Every structure is written in structure tokens, then in C-alpha cells.
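This report concerns only the one structure given below.
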Ligand SMILES: Cc1ncc(COP(=O)(O)O)c(C=O)c1O
């Protein structure tokens with residue numbers, strides 16, 4: 001973020017942080033979403049602070065951006081029925097706000113549980129490095145693990161094997177931006193962004209929700225270990241560490 005902010009300041013740009021699922025995460029001494037000019041959070045039900053339907057929040061310390069966003073949120077009307085600008089209906093439903101207020105009280109505890117799950121996974125997959133590459137958190141960052149995303153060899157086969165054993169996983173995201181149909185007018189083709197393409201082929205999110213039990217985590221690790229024991233001699237007959 002430091003470099004991004006530096007470039008933005010140099011060229012007079014605004015920075016909008018997409019902190020959709022990073023609420024509580026940190027970069028150096030700052031919280032995700034509080035570094036740029038605007039920070040955006042998602043309250044989509046699958047997020048670490050999820051509502052009971054769609055919702056989100058924008059934060060800023062800039063008074064004029066705050067005024068602008070407040071107007072955009074209500075169809076661009078200010079005062080009511082007077083429109084200098086075109087906005088939309090971006091209000092958070094009160095029922096969502098009420099639910100989020102209750103859930104917010106538990107966020108710290110849920111985050112800690114996610115971190116504990118991540119630590120368990122990291123401890124138990126560190127031997128697989130080469131077949132599985134775990135997420136790396138730099139010392140200056142604090143991760144809240146809304147997702148625990150590994151990069152795996154034979155990712156699609158691993159995913160199917162886990163699914164066959166009753167373990168849900170997800171791929172975030174299978175198609176990089178430059179290969180999405182909506183951006184085809186930019187003229188990119190496969191090979192233009194090899195790192196993004198490689199990530200799309202290798203990444204797999206393992207279950208990391210707070211309620212995950214120790215038994216479930218051990219089962220997941222056992223199954224990953226089983227899978228790789230077919231492709232990697234090193235893991236034959238090994239068990240999960242408690
Ligand atoms: C990084 C990121 N940004 C934005 C979004 C979109 O959030 P919403 O569905 O609340 O608009 C998501 C949702 O998955 C996301 O993961």
C-alpha cells in the first residue's frame with residue numbers, strides 16, 4: 001500500500017481500497033480500508049462480517065468525499081428531489097444494519113478462530129511444500145483469513161477428491177480479468193498475464209469458517225495428505241499432527 005499511495009500522491013489520484021473481505025486485517029500500523037482515500041467493505045453473507053443479504057460500507061476521512069458518497073447513495077438527490085448528479089439506491093437496509101450490529105460484537109472472536117484454523121493448516125501442510133503452497137503473511141501484515149487459499153499441484157483433481165470426501169472448497173477466481181468476456185474489447189489473450197493465469201489454475205480455498213471443529217480440520221488435512229500420497233512418495237503413511 002505504501003507504494004500505491006506514493007504513486008497516487010505523485011499523480012494526484014484517489015485510492016479506493018477494496019477491503020471487501022478484509023475487515024480487521026492490518027498493514028503495518030493501519031487497518032485495511034483506512035489507508036486509501038476510501039475504503040469499501042462487503043457485508044455479503046459469505047464474508048467474515050456478513051449480513052442476511054447484500055450490503056456494504058464505504059469509509060473515508062475526507063469530508064468532501066463523504067458528502068459526495070452520501071448523495072450518490074440516495075439516487076444523487078440533495079436536497080431531496082433535487083438532482084445535480086446521478087446516483088443509485090445504495091442504502092443499507094435497516095434490517096441488515098440491525099443484524100450486523102449483533103454480529104459485529106463477535107467479529108474479534110471469529111477472527112481469532114479463523115487465525116487458529118489457519119495456524120493449524122499451516123503447521124500441517126508445511127511438509128507438503130512443493131505440492132501445496134500455503135498463504136504467506138508478511139511480518140508487517142495481519143491476516144484475518146476470510147479465505148485460506150492454498151496453491152496446489154493438480155488443483156482440479158484435488159478439489160474433486162475433497163468434494164468426493166464431503167469437503168467443500170472454492171476457487172477464487174477461476175478466470176482472470178483479462179480473459180473475462182466483458183474485457184475482451186481490450187484485446188488481451190491467454191499468456192498476457194502469466195502470473196494471474198497461474199494463480200487462477202492453482203488456487204484453492206479450504207474451509208476456514210470459525211465454527212470448524214478440530215476433528216473437521218484433521219479430516220481435511222488427512223484427505224489432502226491422502227491425495228498427495230498418490231502423487232508424492234514423501235507423504236505415504238503419514239498422519240495429521242494434533
Ligand atoms: C475482493 C472483493 N471485492 C468485491 C467483492 C464484491 O462485494 P459485493 O458482492 O458486496 O459487491 C467481493 C465479493 O466477493 C470481493 O471478494
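The values are calculated or read from the model by the stated rules, or taken from the named source; none is laboratory data. The model shown is predicted, which means the values in this text are computed figures rather than measured ones. Heads up, the Cβs are rebuilt from the backbone with ideal geometry, glycines too, and the neighbour counts pull from every protein chain shown.
Filter the stretch 73-99 for residues that are within 15 Å of the ligand (Cβ to nearest atom) and either in contact with a helix residue (DSSP H, G or I) (Cβ under 9 Å, 6 or more places away or on another chain) or under 23 Å from residue 35 (Cα atoms) (or both) and give the result.
If the condition is that a residue be within 15 Å of the ligand (Cβ to nearest atom) and either in contact with a helix residue (DSSP H, G or I) (Cβ under 9 Å, 6 or more places away or on another chain) or under 23 Å from residue 35 (Cα atoms) (or both), then 73, 88, 89, 90, 91, 92 are the ones that fit.
Considering only the stretch 67-123, how many residues are more than 28 Å from the chain's Cα centre (by Cα) and touching a residue at least 40 places away in the same chain (Cβ under 8 Å)?
Number satisfying all stated conditions: 0.
Taking the stretch 47-60 as the region of interest, how many residues are farther than 14 Å from residue 144 by Cβ and touching a strand residue (DSSP E or B) at 6+ places or on another chain (Cβ under 9 Å)? Quick ask: steps written out before the conclusion?
Step one: of the stretch 47-60, the residues farther than 14 Å from residue 144 by Cβ are 51-60.
Now restrict to residues that are touching a strand residue (DSSP E or B) at 6+ places or on another chain (Cβ under 9 Å): 54-60.
Residues meeting the conditions: 7.
Please find, within the stretch 3-47, the residue that is nearest to the ligand (Cβ to nearest atom) out of those that are surrounded by 14 or more Cβ atoms within 10 Å (Cβ to Cβ) and in contact (Cβ under 8 Å) with a residue 60 or more places away in the chain.
Going through the qualifying residues, I end up with 21.
Could you please let me know if residue 52 is surrounded by 15 or more Cβ atoms within 10 Å (Cβ to Cβ), in contact with a helix residue (DSSP H, G or I) (Cβ under 7 Å, 6 or more places away or on another chain) and closer than 25 Å to residue 209 by Cα? Even if it seems obvious, please write down each step before you answer.
Numbers: surrounded by 15 or more Cβ atoms within 10 Å (Cβ to Cβ): no; in contact with a helix residue (DSSP H, G or I) (Cβ under 7 Å, 6 or more places away or on another chain): yes; closer than 25 Å to residue 209 by Cα: yes.
The answer is no for residue 52.
Step by step: first the residues of the stretch 152-173, then only those that are at pLDDT below 95 and within 17 Å of the chain's Cα centre (by Cα), then the one that is nearest to residue 134 (Cα to Cα). Which residue is that?
Ranking the qualifying residues of the stretch 152-173, first place goes to 172.
If a residue has to be out of contact with any strand residue (DSSP E or B) (no Cβ under 9 Å at 6 or more places or on another chain), at pLDDT 95 or above and not in a helix (DSSP H, G or I) to count, how many in the stretch 195-242 make the cut?
Of the residues in the stretch 195-242, 5 are out of contact with any strand residue (DSSP E or B) (no Cβ under 9 Å at 6 or more places or on another chain), at pLDDT 95 or above and not in a helix (DSSP H, G or I).
Scan the stretch 124-144 for residues that are in a loop (DSSP other than H, G, I, E, B) and either touching a helix residue (DSSP H, G or I) at 6+ places or on another chain (Cβ under 9 Å) or without any contact (Cβ under 8 Å) to a residue 40 or more places away in the chain (or both) and jot them down. Please lay out each step first, then the result.
Taking the stretch 124-144 first, the residues in a loop (DSSP other than H, G, I, E, B) are 129-131, 134-140, 143-144.
Result: 129, 130, 131, 134, 135, 136, 137, 138, 139, 143, 144.
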